[in-house]
Amino acid sequence: MALKLHFWGAAENVTGSLHHLITPGGHQVFLDCGLFQGRRQESFEKNTSFPLPAEKTDAVLLSHAHLDHSGNLPGLVRQGFSGKIYATPATCDLVKILLTDSAHLMKRDLEYVNKRRVSRGQEPLEPLYTADDVEKTLQFLVPVPYLTEFSLWDELKVTFYDAGHILGSAITEIKWRDPVSSEELILVFTGDLGRDHLPILKDPALLKAADYLISESTYGGRLHDSIEFVGEQLAELIRQTHQSRGKMIIPAFSVGRTQEILYEIAQLKAKNQIPEIPIYLDSPMAIEATQIFNHHLECFDEETMEQLKSGNNPLFPAGVYFLKTTDESKELNESDEPCIIISASGMCEGGRIVHHIANHCANPRNIILFVGFQGQNTLGRKILDGAEEVSIYGEDHPVRCRVEKILAFSAHADEQELISWLSHFDRKRLKTLFLVHGEPDAQELLMGSLTARGFNQVHIARQGETFKLT
Ligand SMILES: [Zn+2]
C-alpha cells in the first residue's frame, strides 16, 4: 500500500505544470493543471493529452494562478472533469481573471489563424477551450485558506502554506497515514517558490518535514540582483524622465509585477524621493488584479499591513491614476506632459502597451523601462536587445528612446534562495527530492550544487516516470 507519484508536465521544462498522484484508495489527484506553451500544434497536442481520462480525475490541488500552473484547467473541464479544484481564496479570485483572459486571447488568435487556413482550403482549428469552459471551471473551485488542513476522502490531509511567489501562491503539504503501519508519510510540493523581501507578500513559509519533496528549479545555476536597490534605480529614472520632460513607459504583467511597481512608487513618494509627476496605470486587467490584491490582506507582509493601518495604501498611491477606458488611454498620446505609464502585456505582445510603445519609442526624451523577463521573439525582447527599428501592427517604428531595465523583481527564488529554503528540511527524513519546472541545464546545475551541500537524494523528474512513495 503506497501513494504513487506520476510525473507528467513541467518535467525538464518550465510550462504545463501537472503532477499526478494516485492514492492507495484509487483516487486520482493532479497537482496543478498548467498550460503547455510552445509551438501551436505541439501545444495543442500536449494540452489535450492528460495522464488519464479527464472524467476519472477526482481533484486538483492548485498551487497558484499563473497560467503555466492553472491555464489548462478549462481544457480538463472541456474533456469531462467535474471534480473539485482546491486553491487559496486569492488564487481562486486571480484564476478567474487569468483564465477569462486566456480564453479571450485563444479566441482572437484562432480567428486570425483560421481565416488564413480557410482561405487555403484547410480545416479550421478547434479551440483548446472557450469562455464557457472557463465559466464551468470556476464553479469547481474550492477556496481553502492558508494553514487550514482539509481532508480528501479520509485518505489525505492537505495544507497550503505561503509560497511568497504571487498573491495566493501556495506550497502544498500532503499527509497520508499508512493504515497498516500507521506511519505518516509527507509529500511537499513547492509550486513556484518566491523570495524573501519581495514587496507586499509574506516570505515563503519554512517547512521542516517531508519524506518526499517536489521542488521547482527554474533558476538553478543563477542568482538574481538584490531587490534592495530597486527603489533607488527606479527613483533615478523617474527623476531623469521628469527633468527631460519625457515619458517613461513600463511594460508590466497585470498580476504581480504591476502591484510591485505601485508599491515601490508609494515608498518613493512617502520618502519624497521623486518629483511630482503623474503616473498612469493603463490596463483594465491590472486594475482588476490590484483590486483583488486589496481584498486579500491575509497575503500581505508586516510592512504592507503597517502602511495600510497608517492610512497609506501602497497599492493605490496618491498621484497614480487608473485608466479604464480606451479613450482615456488614447488621451495620453496627445499630451506633452512628462508622465509614467504602466501598462500590459508584460512582454509587449498585446494590449495597450503596444500602442504606447508605437507612439513613444521614436522620441529620445522617453524611456522604456523593462521590469520583467522578455521571452524570445517578443516585441519586448527585440527592444531590450537593442533593435533600431521595430514593426508594430505592420508599421515600422524607429527606436530612438532610452531603453532601461530593472530585473531584480523576479518572483522566483534563485539558486541560493532555493538551496537555503530546502536546507530547512530534516535531511535524515527526506527520501527523494524531485526537481521539476526547470530547463535541463538549470536542473543539472542545481542538482550539482545540492549534491555538493550533502543532498544525496536529488532526482530530476522526467515525463512519464512513476514512483511509489513508501
Ligand atoms: Zn508562477
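Just so it is clear, none of the values below were taken in a lab; they were calculated from the coordinates. Since the model is a prediction, treat every value here as computed from it, not as a measurement. Note that each Cβ is placed from the backbone with ideal geometry, even for glycine, and that neighbours are counted across all protein chains shown.
Some notes on this structure:
- Partners of Lys324 within straight-line reach, counting aspartates and glutamates whose Cα lies under 18 Å from its Cα and excluding those fewer than 8 residues away in the same chain: Asp101, Asp282, Glu288, Glu334.
- The HN-Hα couplings worked out from phi for the stretch 69-81 by the Karplus form 6.51 cos²θ - 1.76 cosθ + 1.60 (θ = phi - 60°) are 10, 10, x, 10, 4, x, x, 5, 5, 4, 8, x, 5 Hz, whole numbers, x standing for Gly and Pro.
- Each of Lys107, Lys115 was scored by other Cβ atoms within 10 Å of its Cβ. Listed from fewest to most, they are Lys115, Lys107.
- Annotation: peptides 162-171, 145-154, 38-47, 131-140, ranked by per-residue average of other Cβ atoms within 10 Å with the highest first, follow the order 162-171, 131-140, 38-47, 145-154.
- Local charge for Glu331 was computed over the other residues whose Cβ lies under 15 Å away, with Lys and Arg +1 and Asp and Glu -1, and equals -2.
- Mean-position separation - Cα centroids, the stretch 332-371 and the stretch 121-151, in angstrom: 33
- Straight-distance candidates among the aspartates and glutamates for linking to Lys115, with alpha-carbon spacing under 15 Å and chain neighbours fewer than 8 residues away dropped: Glu123, Glu126.
- Spin-label proximity, Glu439 to the stretch 409-425 - amide N less than 20 Å from point 7 Å beyond Cα toward beta carbon: 409-419
- Environment charge of Ile265, counting only residues whose C-beta is closer than 14 Å and scoring Lys/Arg +1, Asp/Glu -1: -1
- For Lys84, the lysines whose Cα falls under 19 Å of its own Cα, not counting residues fewer than eight places away in the same chain, are Lys56, Lys96, Lys136, Lys157, Lys175.
- Gyration tensor verdict on the stretch 75-116 (Cα atoms; rounded if a/c is under 1.5, prolate if a/b is larger than b/c, oblate otherwise): oblate
- When Arg116, Arg427, Arg257 are sorted by how many other C-beta atoms sit within 10 angstrom of their C-beta, beginning with the fewest, the order is Arg116, Arg427, Arg257.
- The stretch 443-470-the stretch 214-251 distance, computed between alpha-carbon centres (Å): 33
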